[in-house]
Structures are given as structure tokens and as C-alpha cells.
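As C-alpha cells, the structure follows; a few thoughts come after it.
Here, each number is a calculation from the coordinates, and none is a lab measurement. Bear in mind the structure is a predicted one, so any value in this text is a computation, not a measurement. No Cβ is skipped: glycine too gets one built from the backbone with ideal geometry, and neighbour counts run over all protein chains shown.
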Amino acid sequence: MNQHIEQAIENFRNNASRYEKTERYYRGEHNLAFASEKFQSTFGTLFREFALNLCPVICDALRDKLKVTGFSIDRSDAKPTELRTELKQIWKRNRMAIRSGEIHKEALKNGDAYVIVWPGADGEAMIFGNKASSCTIVYDDEIPGRIVWAAKYWRMADGRFRLNLFYPNGIERYASSAKNEGFLPDAKGFEPFTEPGSGTAILDNPYGVVPVFHFANNADIGMPGVSELEAAIPVQDGLNKSVLDMLVAMEYSSFRQRWAAGIELEADEATGAVIEPFKSGVDRLWTTQNPEARFGDFQAADLNQFLNVKDGFRADMASVTGMPLHYFSQHTQGLPSGESLKKSETRFLAKVRDRQMAFGQIWADVMEFAARCEGGGSENRLLTGWEDPAPLTEREFLENLLIKKQLGISGEQSLSEAGYGDDDRNRMLLKAAM
């Protein structure tokens, strides 16, 4: 028991820095340690958290394509009609149309997201999405993919930490014995927790399954997920560096640097420092009576080279993440054709469908367990339905129907696929036959 608490705390501590980094980069709080000394002396703290942040696009574009439309029944020991109705009610009651997107975003951003399912006081299944940093799981080495046990922690209102351990046959509840200002205390700082009136720190789990479900993004077997930002962060740092260098160049090129030669310089008698003979300014004119004096100015820096470097990093970002380039930059010289856009999104759509397959199986497991909590059968096998990530336009859809008709499908079938009802189909077919 205490051994699992120790392992859970160790996992939480080890994962904290990894999740904290991807969270920061998504929000735009990037590492600027590479900023030059010239930048720091010029701008000070003005741009301390400056960043041209492309990280949100990488996660949000994928999340927008991952929309669950419902669940179909592959196999069930319950009545199909009743089970379909129950699944819709569970999904709607838990507001999963919105929360599923939040869970997808968490998994894409940090690599992992978790869902805990448990019946409420009224017996209705409750689905809770959890952040990557608040949960941890341990997989079975013998049966890949099976969760042996899981843990979740959170801070209570009184400042103490709660820690729950989830097993196939029960849930053990613990709380820290004292308030903690920092991170989780050691295992010895936890003691069994009982809620008022419950009298026990262990809840029975009659379902024989750990009620914690792991959404692992692009993960290997039995391993934690990988953030979509993992490959993007080094490129993002390079992009930020190019932008900061451009800001410095803009600052020193906004007022052209002038020079003077052949002038005798004077020194301050008290300090010995050289006194500048001229002060620069748009309202100042440099004059001298020395016939040997010469004046000039330096050429302004060419900022196009910085823009080219910045655009190069955008292309690198598209390459390492599989995102289409037009997601990172706006086209100023005409929009690309629809056909070229489709071709550029081929790799991206393949990634979307891969995530649909991986997340879809977990969503099916979640809803199967939720149905069991409400008595909806114990041998359900569900399939997750997804919104098409690359839907056809209406014109493309109708053109496909015409091609199908030329290949031999009936006019009635064509009208049915086009969405017409029985009365409309009969009327249209009768009119065509006249």
C-alpha cells in the first residue's frame, strides 16, 4: 500500500517539469535565455516574455478536427435501442460535447490526459476529465495495455493534499496529515482519509476494472504519451531568437548611425572621460570650423534577411510537426488553389485519423464502463464515431453521386444518398419517368 503511494508521488514529481514546460510553451511563456546581451541592454524587461508563439496552432488545429459524433454498438448483451438511448443521455448529461475537446487538447498539449468514471450518489455515471499532471497509471507488463493501478492527487480547500489509489477491486483514499505549501509530501505524510458519515477509507469497486482511462498521444505500448510540442519547441526557440535579433536591428537602424573624423576630442578634467563633441538628434545639426573634419553615416541594416530566416523557421515548424505551412503563415501574394491546399494537408489528415483511431478506442472503453455503472450490460463493445476531418463540399458530393449513377446505381439510391425523403424521391422519380 505505502509502496504504491511512494511510486505515485515519485511519478508525479518526475512528470512535473515535463508537463510544466509544454504548458508554458503553449501559453507563450518561452525560454529567452538565448537572447543576446545587446537585446537585454536595449529592451531590458520590456520584452521579457516576448514570443512569436506558433505552439497553440499545432494543438488547436488537431483538436478542431477531433469531434466525437456518437457511438455505435458492435456487440452487446443489452437491448440495442435502450443502450443507444442510455449512451446519448450519459454523453449529454456530462456535457462531453465540450469536455471531450478539453481532454483532446490536454492530451495533444502535454502528451497525456485522463478520464475517471464513477457512479454518483444517484447511480448515474459521472465522467471527469483530468489534467496530465494530476494522474498517473501503471500498466501490466504481462498484458500490454491493461492498467494495474492508478493514482490521482489534488489539493483540498484546507491546504492538505488528497491522494486516491484506484485498483480493479477498490479505491483507497488518503490525505496528508498537515497543510503543505509546496509540492506533495513524502508517503509517510499521508494517512487514510474518511469522509464524514462514510466510516471507511476504502470504497468497493464491483466492476473489476480500474476506472481510470488514459488518453496517450502518439505513445508506444505501455508508455506515456508524447506532446505534439515536443518536436516544435527547439524550432520555436530558434524562431524567437530570429525575431529578437530583428528587434535589435530595427532599434539601431531606425535612426541611422553617423560618424565624424578628423576632429580633436576633449577630455573631462575631473574624470578623464572623453567628451562627445556632438549630440545626435533629428533637431540637431553638426557643424565645426575644422577644415579637416569629415562626416558620414552607416548604411541601414537589411531587415529582409531577418524576415527570410523567420519564414525559414516557419517552414521547419511545418516539417517537424506535420502541419500544413499555410497554418503558420498568411499568404500575401494570392491564395493557393483548393486542390493544392488538399494536397498540402495529406500528412496532417493522416495524423488526425491516427489520433481518431487511438482516442476512439479509449472513448469506447469510457462509455462501456459508464454504461456498466448504470446497469446497461457488462459485455458491450462500442465503436466511436468521428466527424469527417476532410468533408466533401456539396458540389463534390453531388458530382460523386453522378459518377455513381453512371456506374449503375439506381436513381432512387442516388436520391436517398442525397438526403431526400420517401415522398420527395417518389415525386422526383415519377416526374423523371413522364
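Put in order of Cβ neighbour count within 10 Å, fewest first, the listed residues F295, F348, F190 become F295, F348, F190. If R₀ is 22 angstrom, what is the calculated FRET efficiency for the pair A231 and D64, using the beta carbon separation as r and rounding to 0.05? The calculated FRET efficiency here is 0.65.
Just check region 113-238 against the gyration tensor rule for me: Cα atoms, a ≥ b ≥ c as the square roots of the eigenvalues, rounded for a/c under 1.5, and otherwise prolate or oblate depending on whether a/b exceeds b/c. Judged from the Cα gyration tensor, region 113-238 comes out oblate (a/c at least 1.5, b/c at or above a/b).
The residue among P144, G385, G129 whose Cα reaches farthest toward the positive pole of the charge dipole of the chain, with charges on the beta-carbon of Lys, Arg, Asp and Glu, is G385. 3J(HN,Hα) along region 259-271, derived from phi through the Karplus expression 6.51 cos²θ - 1.76 cosθ + 1.60 where θ = phi - 60°, amounts to 9, 9, 9, x, 10, 7, 9, 9, 10, 5, 5, 7, 9 Hz, with x in place of Gly and Pro.
Rounded to whole numbers, the Karplus 3J(HN,Hα) couplings from phi for region 154-165 are 7, 9, 7, 5, 8, x, 7, 9, 9, 9, 10, 10 Hz, using 6.51 cos²θ - 1.76 cosθ + 1.60 with θ = phi - 60°, and x at Gly and Pro.
Pairs of Cα atoms nearer than 8 Å and 6+ residues apart set the relative contact order; for the chain it is 20 percent. Placing a label point 7 Å from the Cα of M357 along the Cα-to-Cβ direction, the residues of region 100-119 with a backbone N closer than 19 Å are 108. Taking each residue as 0.36 nm, the span from E394 to V148 lengthens on full extension beyond its C-alpha to C-alpha distance by 83.7 nm.
Can you give the net charge of the other residues whose Cβ lies under 15 Å from the Cβ of P206, counting K and R as +1 and D and E as -1? Neighbour charge sum, excluding P206 itself: -1.
Approximating the spin labels as points 7 Å out from Cα along Cα→Cβ, the L303-to-V57 distance works out to 2.0 nm. The H on the amide N of N205, modeled in the peptide plane, is under 5 Å from the matching H of G170, I171, each at least 5 residues off or on a different chain. Sites counted here are trypsin sites (Lys or Arg not before Pro) in a DSSP loop (not H, G, I, E or B) having no more than 14 other Cβ atoms within 10 Å; the longest part of the chain that contains none of them is 285-434. Backbone geometry of region 366-377 corresponds, through the Karplus equation with coefficients 6.51, -1.76 and 1.60 at θ = phi - 60°, to 3J(HN,Hα) couplings of 4, 6, 4, 5, 4, 5, 5, 4, 9, x, x, x Hz, x marking Gly and Pro.
Multiplying the residue separation of F295 and K188 by 0.36 nm and removing their Cα-Cα distance gives an extension gain of 30.9 nm. In this label model, D140 and W259 are separated by 7.7 nm, measuring between points 7 Å along each Cα→Cβ vector.
Going by neighbour counts of Cβ atoms within 10 Å, the residues T85, T321, T393 line up, fewest first, as T393, T85, T321. Counting only DSSP H runs of at least 4 residues, each contributing -39500 (n - 2.57), and dividing by the residue count of the chain, the helix-based mean residue ellipticity at 222 nm comes to -13500 deg cm²/dmol. Go ahead and collect, in residue order, the members of region 86-125 whose backbone nitrogen is under 17 Å from a label point 7 Å along the Cα-Cβ direction of D74. Label zone hits: none.
Take the Cα of K342, go 7 Å toward its beta carbon, and the backbone nitrogen atoms of region 396-423 under 12 Å from that spot belong to 396-400.
Placing a pseudo-label 7 Å from each Cα along the Cα-to-Cβ vector at E181 and A270 gives an inter-label distance of 4.7 nm.
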